[in-house]
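Data first, discussion second: the structure below is written as structure tokens.
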């Protein structure tokens, strides 16, 4: 597969060489693009740039590094990086699909809401921090939605 847009079924974008393993709720497959390129193109597909989404997150919640981004608003598609997005080993994960992270030595097993599991090569502390950041971002966005009604 040569192109891919993130959607409500996207669970994770995992780098493998210069390709990406895309995990969706019921399947996984390889896309012939790096994860960062898929993130950039998906943000553009939904009307913004990855950089713009990152700046937006920073202005809303103050985070400046490894910021979560809202790829698409109506489905609450919030994704977060496990490392610096510029790092070729960075995995991007969907906040809405993660049920529970579990420690596995220096890695983390992510139990997903559909019962499946994915192992990511970062500590549980990093995942917990990123989940907190997503939660803050989602809370601020929800507050603004309610505030406008």
Cα gyration tensor shape for region 80-149, rounded if a/c is under 1.5, else prolate or oblate: prolate
Mean residue ellipticity (222 nm) of the chain, computed from DSSP H runs ≥ 4 via -39,500 (n - 2.57), nearest 500: -10500 deg cm²/dmol
Sorted by Cβ density within 10 Å, fewest first, the residues 112, 13: 112, 13
Max mean-square fluctuation residue, GNM over the chain, Cα-Cα springs under 10 Å, options 38, 118, 21: 118
Computed FRET value (nearest 0.05) for residue 109 with residue 146, which takes r as the C-beta separation and R₀ as 35 Å: 0.50
Pairwise FRET efficiency - residue 75 versus residue 2, Cβ, R0 = 35 Å, nearest 0.05: 0.90
For region 10-147: relative contact order, % (alpha-carbon pairs under 8 angstrom, 6 or more apart): 18 percent
Packing-based exposure ordering (other Cβ within 10 Å, fewest first) of 1, 39: 1, 39
DSSP bridge pairs, the chain: antiparallel proportion in percent, nearest 5: 100 percent
Kirkwood-based Rg to Rh ratio, region 78-121, C-alpha trace: 0.97
Cα-Cα separations in region 10-147 greater than 19 Å, expressed as whole percent: 48 percent
Residue exposure sequence - 102, 134 - by fewest surrounding Cβ within 10 Å: 102, 134
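FYI, it's all coordinate maths here, none of it is from the lab. Remember, predicted model here, so these are calculated numbers, not experimental data. Because the Cβ atoms are built from the backbone with ideal geometry, glycine has one as well, and the counts that use them run over all protein chains shown.
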